[in-house]
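The values are calculated or read from the model by the stated rules, or taken from the named source; none is laboratory data. Everything numeric here is computed off the predicted structure, so don't read it as measured data. Every residue, glycine among them, receives a Cβ derived from its backbone with ideal geometry; neighbour counts consider all protein chains shown. These accessible areas exclude ligands, DNA and RNA; they are computed on the full protein's heavy atoms, side chains included. Shrake-Rupley method; radii C 1.70, N 1.55, O 1.52, S 1.80 Å.
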Amino acid sequence: MVSGRLARVRAHTAAAGVDALVVTHLPNLQYLAGFSGSAGAAILTPRACLLVVDFRYVTAATSLAATLDGLVRVETVDRSYDEAIVELLRREGPARVGIEGAYLSVSRFNAISAALAARSPLPVGPDVTPVLVPTERLVERARIIKDALEIAALREGGRRLGRIAETVQAFVQAGRTEREVAADIDAAIREAGFSRPAFETIVASGPNSALPHARPTDRRIEAGDPTVLDFGGVYDGYCVDLTRTVQLGAPGEALARLYGAVAEAQQAAIQAVRPGVTASGIDAAARGVLDRHGLGDAFGHGTGHGLGVEVHEEPRIARPAPRVVDAVIEPGMVFTVEPGAYVPGVGGVRIEDDVLVTDNGCEILTRERAQRVSHANGAGDGVPASERAGGSGGAQPPGI
């Protein structure tokens with residue numbers, strides 16, 4: 001798997017017109033070499049992948065490299081990472097060196113450039129001095145399509161998270177605080193075999209449910225409250241993410257309509273997932289339903305986001321935006337589908353599941369038993385009747 005990942009990123013590097021790529025964003029380092037330390041870098045050339053680590057990680061990195069059949073070579077930092085990068089670039093001799101423009105600070109860019117120039121023979125020129133070139137999304141373009149190893153981790157993580165979702169309603173009891181419920185969910189995540197929560201668990205009850213990314217507070221849950229539960233876990237290095245909205249007691253008419261509209265919007269978006277559509281097209285499917293219910297203004301965020309070594313990555317399932325890639329959906333992409341509607345005075349509802357794009361539809365991962373949504377000849381409905389609006393399970397999980 002590492003061989004394929006390195007090959008894909010090398011192809012993107014060559015297409016960008018650079019001879020080497022310096023990787024400093026740690027999730028990209030984890031993707032390329034499987035290294036998950038708190039510090040590190042990599043230099044990718046056409047001939048080698050140099051994993052640069054300090055003394056804390058030499059043993060772990062060397063053991064990792066030994067499993068990769070010479071694909072990755074470990075280099076040790078003597079003084080600082082930037083000095084090591086300069087020395088290795090001088091040794092390897094690339095003329096144009098790509099850096100991750102979104103992650104390498106201006107001050108580090110300037111310092112590395114100055115150090116490269118200072119160590120060059122006079123007169124300084126582009127033929128003897130490596131030139132740093134800002135690049136964008138070279139590794140991320142490879143990460144957007146998951147390989148078999150990644151899919152296996154995401155599928156198992158989704159299954160485990162879906163199993164937790166079937167039990168979380170029991171945590172929501174009158175008199176308990178949001179923080180207490182969040183602590184129970186976090187404990188369940190660890191007990192299910194996740195290494196850690198993927199993000200700070202959201203428990204938003206009553207009026208707090210109308211805040212899309214509320215944090216747990218000491219508010220005590222009351223009978224009649226809607227409660228949004230948004231949680232995720234990291235399984236074998238990969239993030240999964242899920243949201244359910246539950247209700248203590250019978251919901252009022254306004255809240256029941258809100259939940260029904262969001263459930264319908266999620267089903268419409270899941271039905272829209274298949275190769276060849278755009279990410280914004282999936283968002284439009286959810287947004288169109290909420291517009292028809294008069295809730296367009298209550299849905300202010302995107303319909304979903306990619307999942308992988310980070311909990312938010314490409315593709316972005318949202319309305320078109322300037323300078324943001326509107327991805328064409330392909331098999332192997334994994335992302336959330338999570339429309340929501342938030343109405344002060346009524347409450348908020350969000351329903352979220354993770355999907356894997358297949359050749360003719362998608363697989364819903366966040367169920368104890370993954371479910372497939374297929375489209376004959378790339379079109380049509382394909383959603384089981386039990387998953388339609390008003391059903392139980394599927395895109396309308398147990399809740400209100």
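If each of His301 and Ser107 carries a label point 7 Å out from its Cα toward its Cβ, how far apart are those two points in nm?
Placing both labels 7 Å along Cα→Cβ, they lie 3.2 nm apart.
Roughly speaking, to the nearest percent, how much of the chain's 1.4 Å accessible area is carbon and sulfur? Please list the in-between numbers first.
Working: 9040 of 16720 Å².
Summing carbon and sulfur atoms, their accessible area is 54 percent of the total for the chain.
Check which residues have an amide H placed less than 5 Å from Lys146's amide H, if you skip close sequence neighbours.
Met333, Val334
Would you pull out the residues with amide H under 5 Å of Val52's amide H, same chain only if 5 or more places away, H placed 1.01 Å from N?
It is Ala41, Ala42, Ile43, Glu75, by chain and number.
Please compute the per residue accessible area over the chain with all protein chains in place, 1.4 Å probe, rounded to a whole number of Å².
42 Å²
If I take R0 = 30 Å and measure r between the Cβ atoms of Arg179 and Ala250 in this structure, what FRET efficiency does the formula 1/(1 + (r/R0)^6) give, to the nearest 0.05?
0.70
222 nm [θ] for the chain, helices only, -39500 (n - 2.57) per DSSP H run of 4+, per residue, to 500? The partial results should precede the final answer.
On the way: 10 runs with 128 residues, N = 400.
Value at 222 nm, helices only: -10000 deg cm²/dmol.
Grab the beta carbon distance between Arg96 and Ala39, set R0 = 35 Å, and tell me the FRET efficiency rounded to 0.05.
Details: r = 26 Å, r/R0 = 0.74.
That pair, Arg96 with Ala39, gives E of 0.85.
Using only Cα atoms and rounding to the nearest 10 degrees, what angle (0 to 90) does helix 148-165 make with the longest principal axis of the chain?
Between helix and principal axis, roughly 30 degrees.
In whole Hz, what ³J(HN,Hα) sequence does the stretch 248-256 give by Karplus (6.51, -1.76, 1.60; θ = phi - 60°), x for Gly and Pro?
Listing the rounded values in order: 8, x, 5, x, x, 4, 5, 5, 4 Hz.
Starting from a Cα-only point model with no solvent, please compute log10 I(q)/I(0) by Debye for the stretch 162-212 at q = 0.19 1/Å.
Listed by q, the Debye log ratios stand at -0.66.
Quick check: convex hull over the Cα atoms of the stretch 266-341, volume per residue in Å³, rounded to an integer?
84 Å³
Take the alpha carbon gyration tensor of the stretch 217-354, find the square roots of its eigenvalues, order them as a ≥ b ≥ c, and report rounded if a/c is under 1.5; if not, report prolate when a/b exceeds b/c, else oblate.
Since a/c reaches 1.5 but b/c is at least a/b, the shape of the stretch 217-354 is classed as oblate.
What Kirkwood hydrodynamic radius do you get for the chain when you take the inverse of the mean 1/r over all pairs of distinct Cα atoms, in Å?
Averaging 1/r across every pair of different Cα atoms and inverting gives 22.7 Å.
Set the Förster distance to 45 Å, then compute FRET efficiency between Arg319 and Thr67 from the Cβ-Cβ distance, nearest 0.05.
The calculated FRET efficiency here is 0.55.
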